[in-house]
Amino acid sequence: METRFQRFSVMAFVAASLGLTACVNSIKQDIPTEGEIPISFSVKIEKASTKVTNNVFEEGDQLGLFAILSDNDITEERYIDNLKLKSDGDESLIPERNVFYPEGEGVALDFISYYPYQAEGISTGDSKLTISVQTNQSKEGNYSASDFLVATKDNVKSSSKDVQLKFEHKLTNIKLTITPGEDADIDKILEDNPQIIATGFCSQAEYDFLEDEFTPTGQCYDITPSGEWKKDDGKLVGKEFIIIPQAIGEEQTLQMEWNGRIYTCAMPEIEETDGNVQYEIEIDATENTSHLFSGIVANIEKWPVPIEKETDNGAQYSALHLSILSFKPSNVYHIHSGGKIIAEICKEYLQSDDLTTQAIVSYPIKANETADLSKGTVLQLLDIEEDINGGTLEWDLDDNTFTYDEGDSPRLQQICYDEQGNVLTEQSDEAVNINAIAYTLRDTRDSKDIKQYPIVKIGTQYWMRSNLQATMYRDGTEIEDQTVQGTEAGYFTEDEEEYFYNGYVLEEEGKYLAPDGWRIPSEEDWNMLDEYVEGDASLLKAGVWKDYTYTTKEEETVIEEALPNSNRSMLNILPVGNWYKSGINESAIGTVCAYWTWNANENKIPEETVFFQSQYNEMTWESVYSKGKDYYRVISVRCIRE
C-alpha cells in the first residue's frame with residue numbers, strides 16, 4: 001500500500017504537576033559544622049508521563065542533592081555537594097551518607113535536587129550540568145534514562161519536618177498519533193507497524209541551575225521513539241520521545257517507514273519547545289503515491305489556546321537518515337530519483353579473512369538496473385567500533401569475494417546521493433531529491449493473492465529471505481493442491497503459511513515454478529553460498545531448533561542436541577520440517593528444513609538436494625526420494641535471482 005500523510009497537528013499538554021509525600025531518613029553524624037537535627041526528605045511524583053510509574057521513583061533510581069546557605073548560590077560554597085539519594089521503590093529516598101542541618105538559629109538552606117544522578121556533579125564555581133537524552137529511546141531503559149527532573153526548595157530552616165521536594169520535568173515530551181484516513185484500515189496499519197524517527201535534534205545540552213535554561217551543545221542526531229503502536233479510540237498511539245528544549249525549524253524532520261516506503265516531512269516551526277510540556281503530533285494516513293507528509297500544523301503552547309501554523313509541504317528532501325531503515329520488509333532498499341533507480345542499500349553479512357561483520361552498504365545502479373558491486377560504499381560496519389566506515393567495497397564476481405579499502409569515518413548516520421547514485425556524506429549542490437523504497441520480490445502471477453518476498457544479499461547472490469508460497473505456475477496455470485504424497489505434481493499446505501512442493505512440480509514441461517527473474521537454485525548456487533559462509537550453516541539458520549530424537553533398532557532413545565545458530569547472514573532458514581505421507585512430518589518440525597535443487601543444464605532434478613538439520617551446523621545432501629519409496633519427497637522452495 002502506498003500512502004501519503006495528509007496533515008499532522010501538534011497539541012501541547014502541560015506535563016503533570018509533581019506533588020509531595022513523606023519519607024524520613026533519620027540520620028546522625030558528628031560533623032562540627034552540623035547540628036543535631038537530621039534532614040529528612042519527602043517526595044512524590046503524580047501522573048509523571050515519562051520517568052516514573054505509580055507516582056513514585058522506581059527502585060534503584062539515583063538522584064543528586066545540593067544544599068546551599070540561603071545567602072549564597074550554587075556557584076559558591078555548598079553545604080551539601082552532590083549527595084546521592086537512592087530510591088527504595090516505595091516513597092523513601094536513602095542518602096549515601098548522613099546529613100544534618102547546620103548549627104545556629106535562623107540559618108536556612110536552599111535545596112536543589114535533580115534526576116538522574118551524575119557522579120561528576122557540578123564543578124566548583126559553576127552552575128551548569130551537562131545532560132543528554134538517548135538517541136535510541138526504543139531500547140529498554142533508554143527512554144527513562146532520557147528524563148531530567150529538577151526540584152528546588154528555598155529558605156528551609158532547621159526543623160523536624162520533612163523537606164518537601166516538588167519535582168518538575170525540565171525536558172520536552174513529544175507523543176505521536178496516527179489517525180487513519182477515510183480509506184485506511186487501522187488494523188492493517190497496526191499490522192504493518194510503521195517505524196518512525198525524528199531527525200536533526202540536539203541530544204546534549206548544558207543546563208544552568210541559576211538561569212533555568214538549556215544551551216544545546218554537540219552534534220544533532222536522529223531519535224528513535226519509545227513504545228509500541230496500539231489502538232485507542234480509532235487512532236494508533238503509543239510512540240513518544242523526549243527532547244531537550246530547543247528551537248525546531250527546517251533542520252528537523254520526521255521520517256517514517258511504512259510498507260517499505262520512506263516518508264518525510266518537516267517538523268512544525270517552534271521558536272523554542274517548552275520544558276515540562278508534552279506536544280502531540282497527529283498524522284492523518286491516507287493512501288497516495290507521495291512520499292511526503294503534507295497538511296496543517298496547530299501548535300497549542302499552553303492548552304487550550306491554539307496557534308495555527310502551516311508547514312512548507314512543497315519541499316523536497318535529499319537526505320536519507322539510515323536509522324529509519326528497519327530492513328524488516330527486505331534487506332535491500334532501492335533509492336529512486338527522477339523516476340529511475342540510482343542506488344541500492346543492502347544490510348548484508350561480510351565475511352573474509354580481514355573483515356567479518358554485518359554491514360550496511362550502498363551500491364550505485366548500472367544501466368541494466370542491477371547494482372554495481374565493484375563500487376560499494378560502506379555506510380556502517382555494525383559490529384566494528386573503529387572509525388573505518390565510508391570506504392570502498394569491491395566484489396569479485398568470479399570467486400564471490402571482496403576487498404575493502406577502509407575509510408576513516410564513524411558510522412554514517414545521514415547520506416545524500418548525486419545523479420549517478422554515488423554517496424555524498426553531506427549536503428551539496430550535487431545532491432538530488434530521493435525516495436527510498438524496500439526492494440522486494442513482488443510475485444503477481446495470482447492477481448487475487450499477490451505475494452511479496454523479502455530479499456537478502458549474501459556475497460554476490462540475491463536470495464529470497466522466506467520460502468515460496470506459490471499456488472500457480474509462472475504462466476498463471478494453477479498447481480494442484482495435494483494432500484497425499486505420491487506421483488502427482490502439486491503443492492502441499494496445512495495452514496497457508498508453509499508451502500511444500502514435490503519434485504514433479506519442478507519437472508512439469510513448459511512450466512516454471514520460480515517467479516519471473518528468479519530460479520530454483522542449482523548445486524553450484526548452494527555450494528557458492530556454503531563456501532561464502534565457510535561451511536558454517538549456523539550463519540544461515542534462524543529461529544528455535546529442537547533436539548533431534550530418534551529410536552534405534554534396539555529400541556534405545558537417542559537425543560542429539562540442537563546446535564546454536566546466529567542467522568548472521570540473515571537468510572532466515574527456519575526448521576519448518578517437510579510433508580510426509582498425508583501431513584507435515586511432526587518429528588521434522590523444529591529439526592529439519594530441506595530445499596529443492598535444479599540442474600538447468602540437464603533440465604532435471606539432481607539425485608540429492610540440500611538439508612539443514614538441528615544437530616548439524618553444515619549443509620547436508622540427501623536423496624530427493626522418500627526413504628524406501630520411488631517418488632519424490634515433499635519439501636520447501638527457496639529461490640535465487642537470475
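The values are calculated or read from the model by the stated rules, or taken from the named source; none is laboratory data. All figures in this text were calculated on a predicted structure; none of them were measured in a lab. Here the Cβ positions follow ideal geometry from the backbone for every residue, glycine too, while neighbour counts run over all protein chains shown. The accessibility values were calculated without ligands, DNA or RNA, using every heavy atom of the protein model including side chains. Shrake-Rupley method; radii C 1.70, N 1.55, O 1.52, S 1.80 Å.
In the stretch 502-642, what percent of the accessible surface is made up of carbon and sulfur (1.4 Å probe, ligands and nucleic acids excluded)? Could the numbers behind the result be given before it?
Values: 3070 of 7100 Å².
Heavy-atom surface of the stretch 502-642 belonging to carbon and sulfur, 1.4 Å probe: 43 percent.
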A correct Stokes-Einstein calculation for the stretch 522-591, using the alpha-carbon Kirkwood radius, 20 °C and 1.002 mPa s, returns a whole-number D in µm² s⁻¹ of 154
Subtracting the Cα-Cα distance of T392 and D408 from 0.36 nm times their residue separation yields 4.6 nm
Restricting to Cα pairs under 8 Å and 6 or more apart, the percent relative contact order of the chain works out to 10
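Enumerate by residue number the GluC sites (Glu not before Pro) in the stretch 492-577 meeting two conditions: DSSP loop (anything except H, G, I, E, B), and at most 14 other Cβ atoms within 10 Å of the site's Cβ. Don't jump to the answer; show the numbers that get you there.
Working: sites: E494, E496, E497, E498, E507, E508, E509, E523, E524, E531, E534, E554, E555, E556, E560, E561; in loops: E494, E496, E497, E498, E508, E509, E534, E554, E555, E556, E561.
Here the GluC sites (Glu not before Pro) that fit, given the DSSP loop and packing criteria, are E494, E496, E497, E508, E509, E534, E554, E555, E556, E561.
Can you figure out the FRET efficiency of D481 with S566, using R₀ = 30 Å and their beta-carbon distance, to the nearest 0.05?
On the way: r = 36 Å, r/R0 = 1.20.
Result of the calculation: an efficiency of 0.25.
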The extension gain from N368 to D274, computed as 0.36 nm times the residue separation minus the Cα-Cα distance, is 28.6 nm
Taking a label point 7 Å from the Cα of L382 along Cα-to-Cβ, the residues of the stretch 317-337 whose backbone nitrogen sits under 17 Å from it are 321-334
Matching label for the computed Rg/Rh (Cα atoms, Kirkwood Rh), out of (i) 1.07; (ii) 1.17; (iii) 0.99, is (i)
Pseudo-spin-label distance K627 to S132, built 7 Å along Cα→Cβ, given in nm, is 5.8
In degrees, nearest 10, the alpha-carbon axis of helix 523-532 is tilted away from the dominant principal axis of the alpha carbons of the chain by 30
Expected vector for the stretch 589-594, Karplus 3J(HN,Hα) from phi with 6.51, -1.76, 1.60 and θ = phi - 60°, integer Hz, x for Gly and Pro, equals 5, x, 10, 9, 9, 10
Once the in-chain neighbours fewer than 8 apart are removed, the aspartates and glutamates whose Cα is under 14 Å from K166 read E46, E91, D110, D154
As straight-line cross-link partners of K541, the qualifying lysines (C-alpha separation under 24 Å, not fewer than 8 residues apart within one chain) are K328, K347, K451, K457
With a 32 Å threshold on alpha-carbon distance, the violating pairs from K231/K340; K604/K627; K230/K448; K546/K627; K546/K581 are K231/K340
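Hey, what number do you get for the chain at 222 nm if only DSSP H runs of n ≥ 4 count, each worth -39500 (n - 2.57), divided across all residues, to the nearest 500? Don't skip to the answer; put the middle values down first.
Working: 4 runs with 26 residues, N = 642.
Roughly -1000 deg cm²/dmol at 222 nm, from the helical runs in the chain.
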In nm, the gap between the two label points placed 7 Å beyond Cα toward Cβ at R474 and V544 is 3.9
Here the net charge surrounding F402, from other residues whose Cβ is less than 9 Å away from its Cβ (Lys, Arg +1; Asp, Glu -1), is -2
The simple spin-label model distance between T75 and E140, using points 7 Å out along Cα→Cβ, in nm, is 4.5
accessible surface per residue for the chain, probe 1.4 Å, DNA/RNA/ligands not counted, whole Å² -> 47
Extension length gain for E531 and N193 (0.36 nm per residue less Cα distance), in nm, is 118.0 nm
